[in-house]
Structure formats: structure tokens, C-alpha cells
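Accompanying notes for the structure given below.
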Amino acid sequence: MDQGTAGLLAAGGGDEASPLMLAGATHLDLSSAGDWFALLKPRVVALVVFTGLVGLLVAPGHLNPVLGFTAVLCIAVAAGAAGALNMWYERDIDALMRRTANRPIPAGRIAPAQALGFGLTLAAGSVVVMGLTVNLFAAAILALSIGFYVGIYTVWLKRRTPQNIVIGGAAGAFPPLIGWAAVTGRLDLLPLLMFAIIFFWTPPHFWSLALWAHGDYARAGVPMLPVVAGPRATRRHVFLYTLVLAPLSVLPWPLHLAGPVYGLAAAALGAGFVAGAWQVLRDRQDADGRSLTRDAPARMLFRYSLLYLAVLFAALAADRLIG
Amino acid sequence: MTDDTPARRPTEGALARRRRGRNIAMLVVLLGISALFYAIAMVKMAQHGMGG
């Protein structure tokens, strides 16, 4: 039985007809426009677009606004394509997790082959348009980011190692590089630091989520750190990565790549992140490390991490625009 | 739940609404792409001194 069949049977409850079986039997298209939009993982795309836009705004030089808009659109479409390909590949485990069981593919509203075609078309289209209209270097990084997210993270690492999101986190760190490269046609230290900031932000962000959602991951057999190493080790990892992230995010200021607006914002935001990670580390727990507070500090840190990245990058853009 | 459960078998009207929604979304996307490619062509022509 292939992945898709297993997932669809799980989604359909075994011997009762799933919507897709119904669709297959009668050739009905059950999808709505919203299902196709959901396939693009719009919430992830929003963060990707924002960091890519900041990379574009802080880069030295000038890019025509139409071409700048095209570059950001290509980043968004590529991220959406990667999300669609991720959902196509993970349809079997998505069907097993409460959080993802109602996604369009496991719920049977979009056929796997349709999702695959949709993702591949958008991926190829975004790279070709970026290459033809902006520049080939930005297009190459864009292609690399799609390949990294789908090939390295989704296919290779996610089901094999608890370090999946550490290395896979690089995939989400590409957008500022692409935005910068769209303007300059090259890479410099600042975009590489922006890459590093997102790279070190990703583990504490995802492990905070995994601390309270690990039941889903365990059911699906995904070796997230809390499933494999336990919550106590995960809390230590969250804290250690935060200790690297906080000073790293301030670094552009002493290196004269950003001004005091960014530097002070990064210092304050980093201090908040370390304080939140400390609360996660000191969470009341039983002898096995299970939280006695329903992982309240981890839930708080997950929400804070989203705010952290958005405000940090907004501060960088504001600093550059003011300066 | 069986095959006859209304929740699992969308009505004709619901399917028609979804098809209409998909068609409208496709129309918007195609118009957007057309406008974008037109704007890109104008910018590229201006950059290469072909703007007249």
C-alpha cells in the first residue's frame, strides 16, 4: 500500500467511503478555492514574505518597484509551492495528526496527484519568472530554498532524525538572502547574519510547539526531539539555542551593519526570549520531565517567538529606512 | 457514518458554488498575472531604452 492509500484509508476511517473515494468514483472535484489556498500554507508564507521583503528593503542599491514586487511575489509563490509539495509528501502522517487531519489532501478534497502538479508548476514558474525578470542569482537561491525544504527537510530529515528542524530550519532562512540578492545580485555579511538569526530561531520556535504537541508527532512516528529525547532534554535545547540566538541577533549593531534602533530592539527582544526560555527550562515537572502546567511556558514562548522574529526584522527595516 | 451521510456527499448546489469559486479565483489569478507581465514588459523596455 503506498503512502497515499494508507493516508486516505486512515482519513476515511477504513472501510467507509472518504470524500476522495466518492470523488474518484464520480469524478467530482470537491475542492474549493480555499482548499488550494490552504495548500500553500499561507501562515508560513506570510512570515517568509515578510523576512524576504526586509532583505530586499535593507539591501543597498535600487530595484524598480515593479521588479521588487515581482521578486517578493516569486518568494511567496515558491514558499507556497514548497508547502504544497510538503503536504503532498506528508499526506500519510498528516492524516494521523489531529492538527493536520483536515488539510485538503488527507481530508480527500484534493487528490495527491493534483497537489503534486500544482506544487511543481508553481515552483518551476516562480524560479523561471525570478530568473527572467530579476536576476539569475536570486533565482538560483530561490530554487535552492525550494529544494532544501522539500528534498533535505521533508523527504530526507523529517522522519529520520530529531535534528530535523535544526538543519531543515535553514530552508526558512533563505528569504532574506533572496530579497538581498534580488537587489544586489550578490550576498554580503548582513544577509548572512539574517540567515543565521532565522536558523538559530527555528529550533526553539518549533521545539516550544513540539513540547505541547508531541502526542501528535508520536502518533505519526515523527522523531521530534520531545518524542525521542524527552521533554527535559528538549527544554535544555530550547534554552541553549536561545542563548546563541540572543547575542547573535544583536551582532549587526557592533559590526556597524545596523544602527541603535535595531541594536536596542534586538537586545530587548533577545532578553525577553532568554527569560521565556528560562521559564520553559524551570517549568514545574514530574520525575519524567512531563510538565505539570500543561506546558504553559512553552506555549507562551512559541507565541513570543513569532512576535520576536516579526518585530526584530521590522526593527531592522525601520533602522535602515530611518538611517 | 455511512456513504449516505449528507456531510460526506456535497449537494449539487454546494458543488456548483465551489466550482464557481474556483473559476472566479482562477480568473483573478490570470488577470493579475497578465497585468504583472504587462508591467514587467514596460519596465524592461524602459530600462533598455525602448520606451519610445
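The values are calculated or read from the model by the stated rules, or taken from the named source; none is laboratory data. None of the values given here were measured: they were computed from a predicted structure. For neighbour counting, all protein chains shown are included, and Cβ atoms are generated from backbone atoms with ideal geometry for every residue, glycine included. Just so you know, the surface numbers come from the protein's heavy atoms only, side chains and all, with ligands and any DNA or RNA stripped out. Shrake-Rupley method; radii C 1.70, N 1.55, O 1.52, S 1.80 Å.
Assorted remarks:
- Failed item in (1) at pLDDT below 95; (2) surrounded by fewer than 19 Cβ atoms within 10 Å (Cβ to Cβ); (3) under 23 Å from A:Met87 (Cα atoms), with A:Ser32 passing the rest: (2)
- Taken over the stretch A:213-260, the residue count meeting the criterion of being in a helix (DSSP H, G or I) and open to solvent by less than 20 Å² (accessible area, probe 1.4 Å) is 14.
- Among (1) in contact with a helix residue (DSSP H, G or I) (Cβ under 9 Å, 6 or more places away or on another chain); (2) open to solvent by 50 Å² or more (accessible area, probe 1.4 Å); (3) not polar (S, T, N, Q) - the single one A:Arg160 does not satisfy: (1)
- Among the candidates B:Ala16, B:Ala35, residue that is closer than 13 Å to A:Val66 by Cβ, more than 10 Å from chain A (Cβ to nearest Cβ) and at pLDDT 90 or above: B:Ala35
- Looking only at the stretch A:193-212, and only at residues there that are of a type in the set (A, V, I, L, M) and open to solvent by 10 Å² or more (accessible area, probe 1.4 Å), the one that is farthest from the chain's Cα centre (by Cα): A:Leu193
- Scope the stretch B:38-52; condition more than 9 Å from chain A (Cβ to nearest Cβ) and open to solvent by less than 70 Å² (accessible area, probe 1.4 Å); matching residues: B:Ala41, B:Gly49, B:Gly51
- Looking at A:Tyr262, A:Tyr241, just one residue is among the aromatic types (Phe, Trp, Tyr), within 21 Å of the chain's Cα centre (by Cα) and either modelled with pLDDT of 95 or more or closer than 26 Å to A:Lys158 by Cβ (or both), and that residue is A:Tyr241.
- A:Arg303 being open to solvent by 20 Å² or more (accessible area, probe 1.4 Å), assigned to a helix (DSSP H, G or I), closer than 14 Å to A:Val58 by Cα and of a type in the set (D, E, K, R): no
- Residue in the stretch A:202-212 that is under 26 Å from A:Thr161 (Cα atoms), of a type outside the set (A, V, I, L, M), touching a residue at least 12 places away in the same chain (Cβ under 8 Å) and in contact with an Asp or Glu (Cβ under 7 Å, 6 or more places away or on another chain) present: yes
- Unmet criterion (only one of (1) surrounded by fewer than 20 Cβ atoms within 10 Å (Cβ to Cβ); (2) under 19 Å from A:Arg91 (Cβ atoms)) for A:Thr184: (2)
- Index of the failed condition, A:Gln163 passing every other in (1) under 21 Å from A:Gly272 (Cβ atoms); (2) more than 13 Å from the chain's Cα centre (by Cα): (1)
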